[in-house]
Amino acid sequence: MAASKTFKLIRTLIGWIIFLSLIGGPAAYFYLKEPIIDVTVITLKRGPIEQTISAFSSGTVEPKVSSMVAPESIGKVMAVHVKKGQRVEKGDVLVELDCTQQSLQVAQAEARIAQANIGIRLLKEQYGNDQGRIELLKRTRDLAAHEFGKDKKLLEKDDVGSESMVNLSEINYNQIDDTYKNLSNLVSLYPLRIQEAETALNGATLLLEQAKVAAEWTKVCAPFSGLIADTMVEVGEVVGGGLGAGLSGGLGGGAMMGGGMGAMGGAALAAGGGGGGLGGVSPLAVVHLVDDSDMYVKAPFDESTFGKLELGQPVRLTFDPYPDEEFPGRVSHIAATVTKNLDRSRTFEVEILIEKGKERLIPGMSADAVIIANSKDNVLYVPTEALIREEEGYVVEDGRAVRRKVTMGIGNWMTREVLDGLRENEVLITSVSVKGLRDGAKVNILSTLEQ
């Protein structure tokens, strides 16, 4: 009987052992063989952070002043003195046009000035001589009047005089008096004649100045110092401006001191002003000149960022020739309109002042621009790559990943400010895209992960 009870007890114990083995074995196996996820982490800390806005695409270095320099007269190109990329100073001659006609006009105007000066000098000399003759005639007339009066008195007294002598004295006086009056009238006109001659001289001087201007217009000069971005003409080509042709015509047509100069000017007007003589030449630039002493970056930004930008915001600029350097800049202008692009995107232009290092740049360079819209110091921040949809992250607690809701502040594509959900010195998983990572997963911290 006792043996039978002992057997039953042993059988029951064996049954429980078998049952517990069937139930607890897999659980124990699962626990001991739970997968461990390799991750990389950082320890959260405080520091400065920036909210940045990157340009939609690369910007371009632009000169503040850029000029398509065109001639102010019409003519054939005789010389091109510059090449693309050459540095020039203000006033340097860039291109010269044929100035044969203008040089002839200058010579003619100078000849007419010389002629006018000679005429004025002769008039003034004659004026002085005739004034001397008037004084002499006045004395002679006074003497004749005296003799005439004397003869009349002698005749009246019947002393010595005779009627014939009186008549001769009267005729002599009248002749001298008429000569005096005529010369006086002529001399009185000298100031007017001299004034007219001086007016003509002034006109000739004006024509000379116009002719010199027309001659100067055949030289295309640099309006400011800078770099030659391009040249658009070759020797022998005919270029046109318009103002020079009009001046040439006016110069000739306005010449009042002779027919030759007027004829030449009229021919210039017919050939240049009408355009037919030069094949309908239109005003065209001959040189593209840029002022590289003051440049800026023009870059497009997505329309969604418009409300976040302000004048004066600092900018970080990078340029392909200097990939490891950042150039400081500042927002100087924000476009008032948005442009619809061919790819259906919408952008607006922002001009950025280059605050330092612009002497190392040239117009046309590409530039990457990042505007610093906001910044803070001593804030808790995390790498942007450690966030899930910018609202969750994993911290490591007791060897396991713990999912946290996170409230974010300002930031950029590299780092974001943490307002709530994480604490300083907590260990945050940065490799959130690793396979198998979930809330509660066992993790193994590595410095780097194998690719």
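Restricting region 401-446 to residues that are among the hydroxyl-bearing types (Ser, Thr, Tyr) and either surrounded by 13 or more Cβ atoms within 10 Å (Cβ to Cβ) or not assigned by the TED database to the domain that holds GLU390 (or both), the residue that is farthest from VAL370 (Cα to Cα) is SER431. Would it be correct to say that ASP294 is outside any loop (DSSP other than H, G, I, E, B), in contact (Cβ under 8 Å) with a residue 12 or more places away in the chain, touching a strand residue (DSSP E or B) at 6+ places or on another chain (Cβ under 9 Å) and more than 24 Å from ILE410 (Cα to Cα)? The answer is yes for ASP294. Among the residues of region 75-111, those that are hydrophobic (A, V, I, L, M, F, W, C) and closer than 16 Å to TRP217 by Cβ comprise VAL77, MET78, ALA79, VAL93, LEU94, VAL95, LEU97, CYS99, LEU104, VAL106, ALA109.
Residue-by-condition table, conditions (1) more than 17 Å from GLY440 (Cα to Cα); (2) aliphatic (A, V, I, L, M); (3) within 43 Å of the chain's Cα centre (by Cα); (4) not in a loop (DSSP other than H, G, I, E, B):
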position	(1), (2), (3), (4)
VAL370	yes, yes, yes, yes
ALA373	yes, yes, yes, yes
LYS376	yes, no, yes, yes
VAL382	yes, yes, no, yes
GLY393	no, no, no, yes
VAL396	no, yes, no, yes
ILE410	yes, yes, yes, yes
ARG416	yes, no, yes, yes
LEU419	yes, yes, no, yes
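For beta carbons closer than 8 Å, sequence separation of 6+ or different chains, a first residue in region 431-451 that is farther than 13 Å from THR40 by Cα and a second that is among the hydroxyl-bearing types (Ser, Thr, Tyr), the qualifying pairs are ASP439/TYR394.
Among the residues making up region 192-212, those that are without any contact (Cβ under 8 Å) to a residue 40 or more places away in the chain and either under 26 Å from GLN131 (Cα atoms) or among the polar types (S, T, N, Q) (or both) are LEU192, GLN195, GLU196, THR199, ASN202.
With respect to (1) out of contact with any Ser or Thr (no Cβ under 7 Å at 6 or more places or on another chain); (2) surrounded by fewer than 18 Cβ atoms within 10 Å (Cβ to Cβ); (3) more than 30 Å from HIS288 (Cβ to Cβ), the lone exception for GLU359 is condition (3).
Does any residue of region 103-115 turn out to be surrounded by 15 or more Cβ atoms within 10 Å (Cβ to Cβ) and in a strand (DSSP E or B)? Looking for residues that are surrounded by 15 or more Cβ atoms within 10 Å (Cβ to Cβ) and in a strand (DSSP E or B), one finds none in region 103-115, hence no. Scanning region 365-400 for residues that are loosely packed, with under 14 Cβ neighbours inside 10 Å, within 22 Å of ARG438 (Cβ to Cβ), charged (D, E, K, R) and out of contact with any helix residue (DSSP H, G or I) (no Cβ under 9 Å at 6 or more places or on another chain) returns GLU385, ARG389, GLU391, GLU397, ASP398.
The values are calculated or read from the model by the stated rules, or taken from the named source; none is laboratory data. It should be emphasised that the depicted structure is a prediction, and the values quoted were computed from it without experimental measurement. Cβ sites come from the backbone with ideal geometry, for glycine too, and all protein chains shown count toward neighbours.
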